[in-house]
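Enquirer: Okay, handing you the structure first.
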Amino acid sequence: MNTYVNPEPARPTGRGLSPEQEAVESALVEKVVASFDACGNPRLKEVMGSLTRHLHSFIREVRLTEAEWGAAIAFLTEAGDITDGARQEFILLSDVLGASMQTINVNNEAYQDATEATVFGPFFVDDAPHVELGGDIAFGAPGEPCWVEGMVTRTDGTPLAGARIEVWEADEDGLYDVQYDAAKRSARGHLFTDENGGYRFWGITPTPYPIPDDGPVGRLLGAVGRSPLRAAHLHFMVTHDDARTLVTHIFPEGDPIGWHDSVFGVKQSLIKEFARQPPGTPTPDGRAVDGPWSTVRFHIVLAPKSA
Ligand code: BEZ
Ligand code: FE
């Protein structure tokens, strides 16, 4: 049963509150904010004070009913119940509310033409296999082969040699390796740029897939008429000692899901042409490919550490 759909009719908005009611509600906000006065950690005090003001303001603005408050608690309880080492429903909730993406925006300030960041997602693992430049990260995952190449540079165009590039993606059935088996490693890998900052590898052409939607977050999306689908994408995390770490994706141009991405991860600058090659087209490294394949170029620009 959907426990968080409002069972009560909407109440009038906060407009027109009596002075007495207004005074009761405002006094409570100030009292709660003041309860953090003795906090010895100035940042915690700031965050809790602001959270209190925004939360109360939300409750007062929508005139939250007690049944709605109860439904919200039931929703969070369900999110807690389904969360374990492999499933993180609270991050998913943050993702579909755009809170993850906004936190990324706040913490990865735009810097000249540095490549933009986007959501990390729950499917990164830190022991992806190493592949040589030009190697194949698919490791048997089903999907159309895709040749990915580019350079990693600083914003002044200087190549960054030895940058570590982690890549991971879903297979053509929309599943990550770890969704089959926590120990499985396919459609992911890491490689290092050459002395000219260049990199190249075989992956698979990304296809759209749903975020896990068999829990409370999926039901919330259903209740508001939103799709759980993520725009097709290929994840990157790029690190170098002299640069700001970049976590991002690239998105194939022309994907119908595109701007309807369920976690708001798409940015114009990250949409790239994945050029489809008909069967029989010679591949860049001479590999024999049965059927069509695609190719994409992604120039990665890292901001300085201080940015
Ligand atoms: C992902 O891209 O892997 C992802 C991001 C947010 C939620 C679920 C999956
Ligand atoms: Fe993903």
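Enquirer: Please work out which residue is farthest from ligand 1 (Cβ to nearest atom), limiting yourself to segment 220-265 and to residues that are among the acidic types (Asp, Glu) and without any contact (Cβ under 8 Å) to a residue 60 or more places away in the chain. First the steps, then the outcome.
Expert: As a first pass, look at segment 220-265 and keep what is among the acidic types (Asp, Glu): 241-242, 253, 255, 261.
Keeping just the survivors that are without any contact (Cβ under 8 Å) to a residue 60 or more places away in the chain gives 241, 253, 255, 261.
On the way: Asp241: 27, Glu253: 18, Asp255: 14, Asp261: 9 Å.
Taking the candidates together, the pick is Asp241.
Enquirer: Here's a follow-up. Quick check, is Val152 within 16 Å of ligand 2 (Cβ to nearest atom), open to solvent by less than 30 Å² (accessible area, probe 1.4 Å), among the hydrophobic types (A, V, I, L, M, F, W, C) and in contact with a strand residue (DSSP E or B) (Cβ under 6 Å, 6 or more places away or on another chain)?
Expert: No, not satisfied.
Enquirer: Which condition breaks for Asn105 when tested against (1) assigned to a loop (DSSP other than H, G, I, E, B); (2) closer than 23 Å to Leu234 by Cβ; (3) not hydrophobic (A, V, I, L, M, F, W, C)?
Expert: Only one criterion is unmet by Asn105, namely (1).
Enquirer: Checking Gly85 against (1) away from ligand 2 (no atom under 16 Å from the Cβ); (2) at pLDDT 95 or above; (3) out of contact with any Lys or Arg (no Cβ under 9 Å at 6 or more places or on another chain); (4) among the small types (Gly, Ala, Ser), which test does it fail?
Expert: (2)
To keep it simple, each residue is scored yes or no on (1) at negative phi; (2) surrounded by fewer than 21 Cβ atoms within 10 Å (Cβ to Cβ); (3) aromatic (Phe, Trp, Tyr); (4) assigned to a loop (DSSP other than H, G, I, E, B).
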{"site": "Ser227", "(1), (2), (3), (4)": "yes, yes, no, yes"}
{"site": "Gly265", "(1), (2), (3), (4)": "yes, no, no, yes"}
{"site": "Thr281", "(1), (2), (3), (4)": "yes, yes, no, yes"}
{"site": "Gly286", "(1), (2), (3), (4)": "no, yes, no, yes"}
{"site": "Val296", "(1), (2), (3), (4)": "yes, yes, no, no"}
{"site": "Val301", "(1), (2), (3), (4)": "yes, no, no, no"}
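Enquirer: Restricting attention to segment 267-279, and to residues there that are open to solvent by 40 Å² or more (accessible area, probe 1.4 Å) and over 21 Å from Met237 (Cα atoms), which single residue is nearest to the chain's Cα centre (by Cα)?
Expert: Arg276
Enquirer: Could you count how many residues in segment 247-287 are under 18 Å from Asp113 (Cβ atoms) and more than 16 Å from ligand 2 (Cβ to nearest atom)?
Expert: Of the residues in segment 247-287, 2 are under 18 Å from Asp113 (Cβ atoms) and more than 16 Å from ligand 2 (Cβ to nearest atom).
Enquirer: Also, I was wondering about something else. Could you look through segment 204-236, keep only residues that are farther than 30 Å from Asp290 by Cα and among the hydrophobic types (A, V, I, L, M, F, W, C), and pick out the one that is nearest to ligand 2 (Cβ to nearest atom)?
Expert: Ile211
Enquirer: Exactly one condition in (1) out of contact with any strand residue (DSSP E or B) (no Cβ under 7 Å at 6 or more places or on another chain); (2) modelled with pLDDT under 95; (3) within 12 Å of ligand 1 (Cβ to nearest atom) is not met by Val217; state its number.
Expert: Exception for Val217: condition (2).
Enquirer: Kindly check whether there is at least one residue in segment 33-54 that is farther than 30 Å from Pro212 by Cα, surrounded by 15 or more Cβ atoms within 10 Å (Cβ to Cβ), of a type in the set (S, T, N, Q) and without any contact (Cβ under 8 Å) to a residue 60 or more places away in the chain.
Expert: yes
Enquirer: Considering only segment 109-132, I want to know if a residue exists there that is surrounded by 13 or more Cβ atoms within 10 Å (Cβ to Cβ), among the hydroxyl-bearing types (Ser, Thr, Tyr), away from ligand 1 (no atom under 16 Å from the Cβ) and not in a loop (DSSP other than H, G, I, E, B).
Expert: no
Enquirer: Now for a separate question. When you scan segment 226-261, how many residues do you find that are over 15 Å from the mean Cα position of the chain (by Cα) and either of a type in the set (D, E, K, R) or within 17 Å of Leu92 (Cα to Cα) (or both)?
Expert: Selection size over segment 226-261: 7.
The values are calculated or read from the model by the stated rules, or taken from the named source; none is laboratory data. If you're wondering where the values come from, they're calculated on a predicted model, not measured in any experiment. As a convention, Cβ positions derive from the backbone with ideal geometry for all residues, glycine included, and neighbour counts pool all protein chains shown. Surface accessibility is based on the protein's heavy atoms, side chains included, excluding ligands, DNA and RNA. Shrake-Rupley method; radii C 1.70, N 1.55, O 1.52, S 1.80 Å.
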